[in-house]
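Read the structure below first, then the notes.
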Amino acid sequence: MKRKIFVFMMIYLLIAAPFFSQNKYKAEWSSLDTRETPQWWQDAKFGIFIHWGLYSVPAYAPMDQVNEIYQKYSEHYWARLISGNQLFKDFHSKHYGDNFSYTDFAPLFKAEYFNPDEWADLFKKAGAKYVVLTSKHHDGFCLWKSKYSPRWNSVEIGPHRDLLGELSESVRRQELHMGYYYSLLEWEHPLYTKSTINKWTENHMIPQLKELVNNYRPEIIFSDGEWDYDSQVWKSEEFLAWLYNDSPVKNTVVVNDRWGKETRSKNGDYYTTEYDLVHDKKGIGDNANYPWEESRGIGTSYGYNRFETTEHYLTSKQLIDILIDKVSTGGNFLLNIGPDANGLIPVVMQERLLDIGEWLKINGEAIYASQPWHSQYKPKNENLAFTKRDGNLYVIIKKWQKEPIVLQNLKKAEKIELLGYSGAVTSIFKEGTLTIRPPVLTIDELPSVHAWVLKISSFKE
């Protein structure tokens, strides 16, 4: 009997071996794009983006002197100096001198007050489900000890700490998902030229990405800086085939759509927008037919800009409304913070995150793991948003209203409740029409401050 089993197993392995040895995904977009976006990311809905690096030392970008959004990004400080931007040149000359180069900021990036446990605790309290750290921005400076960037990383100069590794450990202890932003380009690397781009890709970029994946096992790779070349030059398809088939995170990792100048809103596990700048409106927002994510800062910049004032920061109410709008139209919201060079998160940013967390404590079931619901509410009311989850419908009210809310063409609607409120909610369900009268409440009786959620249990369309 044992011999028969042994022979059977050997035959099975011989037959099955070719299938196991073949990669599931080919190094072609037509194959890579068949991969299902991991469910954890689709359910998470809210994440924290962190832009932190040498640009946090000068922490400068003009505010009211420019209108174009990219000109307000402090993380582009070096690029503006390279291009000869007069505002940046004047600032740099005045505060650092003409002989002070961008690379001289490295010893000044000390992060001496960086406490990864405090950061992770804040992100947990904010209600975030994932964190994305800039492992390397366009200046090439790495927040881990990369052998492909000797002396240009946070372990060998500046903080002399593995900032990425320390934060990753703290974030995971809070049971949050950890991911990394990674720039494909580097502004001043000697290999990053048109004549040596193939050497750049083969000898630096791809090996460094694999180093990052193998050593730190990210669950998100937020690629950026893809616009100079198409994905074939970047060898993106080859890298992603390895990532999906053979990497240690092949089953859980999620990647965005920035892998070549032709790939945005076309390829990857999810599409991206940035300060509501959209490359292709197909699959985004009201036209959502694909996982997508909006990212932006609390102010006008991703990197810390010490010249932003309260006028430039969005309020907690505005940020919660953005979260509601993105989730109710099928997206995730990746909200950025910019710590300073000392490793401190500005208090105003902390306050905003804590306010969002307090709102999510009460209303999170309308956000996490939800799906959009396109209502028949007539006329369309911009004050209302709708999500559904586990057979329940959620009506999100962004500004409290006394007027009845009328939903039509429903087959079933059982219990109606206001999340966080123990009192009754008056409603009438007749001939497929549900009429809800929001309760009359004082400010002190409202269960949350910035927006409110009516839960309709066991509804059917």
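The values are calculated or read from the model by the stated rules, or taken from the named source; none is laboratory data. Given the structure is predicted, the values throughout are model-derived calculations rather than measurements. Methodologically, a virtual Cβ is constructed for each residue, glycine included, from the backbone with ideal geometry; neighbour enumeration extends over all protein chains shown.
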task = Give segment 167-212 a look and list any residue that's closer than 30 Å to Asp43 by Cβ and of a type in the set (Gly, Ala, Ser), or say none.
result = Ser168, Ser170, Gly179, Ser183
key: From Lys194, Lys210, residue being charged (D, E, K, R), part of a helix (DSSP H, G or I) and over 17 Å from Asp33 (Cα atoms)   = Lys210
key: Matching residues, segment 310-348, being without any contact (Cβ under 8 Å) to a residue 60 or more places away in the chain and assigned to a loop (DSSP other than H, G, I, E, B)   = Tyr313, Leu314, Thr315, Thr329, Gly330, Pro346
inquiry  = Among the numbered criteria (1) in the same structural domain as Asn289 (by TED's automatic domain parsing); (2) at pLDDT below 95, which one does Ile356 miss?
reply    = (2)
task = Enumerate the pairs (first residue in segment 436-461 and in contact (Cβ under 8 Å) with a residue 12 or more places away in the chain and surrounded by 12 or more Cβ atoms within 10 Å (Cβ to Cβ); second residue anywhere and outside any strand (DSSP E or B) and charged (D, E, K, R)) with beta-carbon separation below 6 Å, excluding pairs fewer than 6 apart on the same chain, so at least 6 apart or on different chains.
result = His450/Lys317; Ala451/Lys398; Ser457/Glu414; Ser457/Lys415; Ser458/Glu414
Search result, residues across segment 202-253 that are surrounded by fewer than 19 Cβ atoms within 10 Å (Cβ to Cβ), over 22 Å from Trp144 (Cβ atoms) and of a type in the set (S, T, N, Q) = Gln232, Asn245, Asn251
ask   = Out of all the residues in segment 133-183, which are touching a strand residue (DSSP E or B) at 6+ places or on another chain (Cβ under 6 Å), in a loop (DSSP other than H, G, I, E, B) and under 26 Å from Arg80 (Cβ atoms)?
value = His137, His138, Leu143, Ser146, Ser149
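Let's see how each residue does on (1) in contact with a Phe, Trp or Tyr (Cβ under 8 Å, 6 or more places away or on another chain); (2) of a type in the set (Val, Ile, Thr); (3) closer than 16 Å to Val132 by Cβ:
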residue: Ser236; (1), (2), (3): yes, no, no
residue: Gly268; (1), (2), (3): yes, no, yes
residue: Val278; (1), (2), (3): no, yes, no
residue: Glu293; (1), (2), (3): yes, no, yes
residue: Ile320; (1), (2), (3): yes, yes, no
task = Taking only segment 367-398 into account, find how many residues are surrounded by fewer than 13 Cβ atoms within 10 Å (Cβ to Cβ) and basic (Lys, Arg).
result = 2
ask   = Regarding Glu351, is this residue in a loop (DSSP other than H, G, I, E, B) and either assigned by TED's automatic domain parsing to the domain that holds Pro116 or free of Cβ contacts under 8 Å to residues at least 24 places away in the same chain (or both)?
value = no
task = Mind listing whichever residues of segment 173-201 are crowded, with 17+ Cβ neighbours inside 10 Å, of a type outside the set (S, T, N, Q) and farther than 19 Å from Lys136 by Cβ?
result = Leu176, His177
message = Yes or no: segment 51-69 includes at least one residue that is surrounded by fewer than 21 Cβ atoms within 10 Å (Cβ to Cβ), in a helix (DSSP H, G or I) and either touching a residue at least 12 places away in the same chain (Cβ under 8 Å) or more than 22 Å from the chain's Cα centre (by Cα) (or both).
response = yes
